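Remarks on the structure that follows.
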Amino acid sequence: MKKRQIAFELTVFDSLKDLPVEDQQLMREAIKARGDAYAPYSNFQVGAAVLLENGSIVIGNNQENASYPSGLCAERVAVFQAGAKYPGVAIRTIAITATSKNYAVDTPAAPCGNCRQSIAEYEQKQHSPIALVLMGETGEVFKCDSLVDILPLAFDNSFLK
Ligand code: THU
């Protein structure tokens, strides 16, 4: 028997203005998208912006539903739209930000488990890392170099033979 440790490193920026310009621009698109979220039930508005290797940016925001599970997170709205509009074009970075009508979100919003699984599929398919830039409304910004870092021991199609 032995113990094994799985660790990962991320970059922490004090605020949005400390990010590289390209990431700042992408986050600004996510902030804009966040404002258009349809979130009347949770009052928690999430915006996502996906940067593709061809330079295109595709946005998404959470879309809720009176039948709660029928809604969809911002990240999957964005990533699925990117897959639909630009099939075969790799994703380089996804910026994600959240705000709430109920409280001030001052910690970075990380994607939920379902979104991690969905993004992991794209990362595996394209054979290159997808970076994540995560922010609340204010405060620190996290940058993760690869989706798999935040989904250790992921299930993927290598198990399906
Ligand atoms: N939400 C996202 O859009 N992304 C996440 O990764 C976490 C949660 C949305 C779903 C729902 O509309 C609201 O936030 C509250 O869970």
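Does any residue of segment 97-113 turn out to be out of contact with any helix residue (DSSP H, G or I) (no Cβ under 8 Å at 6 or more places or on another chain), modelled with pLDDT of 95 or more, part of a loop (DSSP other than H, G, I, E, B) and open to solvent by less than 10 Å² (accessible area, probe 1.4 Å)?
Yes, some residue in segment 97-113 is out of contact with any helix residue (DSSP H, G or I) (no Cβ under 8 Å at 6 or more places or on another chain), modelled with pLDDT of 95 or more, part of a loop (DSSP other than H, G, I, E, B) and open to solvent by less than 10 Å² (accessible area, probe 1.4 Å).
Are there any strands (runs of 3 or more DSSP E) wholly within segment 1-90 with 3 or more residues that are without any contact (Cβ under 8 Å) to a residue 40 or more places away in the chain, more than 16 Å from the ligand (Cβ to nearest atom) and surrounded by 15 or more Cβ atoms within 10 Å (Cβ to Cβ), and if so which? Before you say what the answer is, go through the steps one by one.
Numbers: elements: 11-13, 44-52, 57-61.
Once the strands (runs of 3 or more DSSP E) in segment 1-90 are filtered for at least 3 residues that are without any contact (Cβ under 8 Å) to a residue 40 or more places away in the chain, more than 16 Å from the ligand (Cβ to nearest atom) and surrounded by 15 or more Cβ atoms within 10 Å (Cβ to Cβ), nothing remains.
If we keep just the residues of segment 91-129 that are basic (Lys, Arg) and within 16 Å of the ligand (Cβ to nearest atom), which is farthest from Val50 (Cα to Cα)?
Lys101
Among the residues in segment 125-142, are any among the acidic types (Asp, Glu) and either assigned to a strand (DSSP E or B) or in contact (Cβ under 8 Å) with a residue 60 or more places away in the chain (or both)?
Scanning segment 125-142, I find at least one residue that is among the acidic types (Asp, Glu) and either assigned to a strand (DSSP E or B) or in contact (Cβ under 8 Å) with a residue 60 or more places away in the chain (or both), so the answer is yes.
Being touching a Phe, Trp or Tyr at 6+ places or on another chain (Cβ under 6 Å) and of a type outside the set (Lys, Arg): is that true of Gln45 here?
no
The values are calculated or read from the model by the stated rules, or taken from the named source; none is laboratory data. Since we're looking at a predicted model, the values are computed, not measured. Note that each Cβ is placed from the backbone with ideal geometry, even for glycine, and that neighbours are counted across all protein chains shown. To get the accessible areas, we keep the full protein, side chains included, count just its heavy atoms, and leave off ligands, DNA and RNA. Shrake-Rupley method; radii C 1.70, N 1.55, O 1.52, S 1.80 Å.
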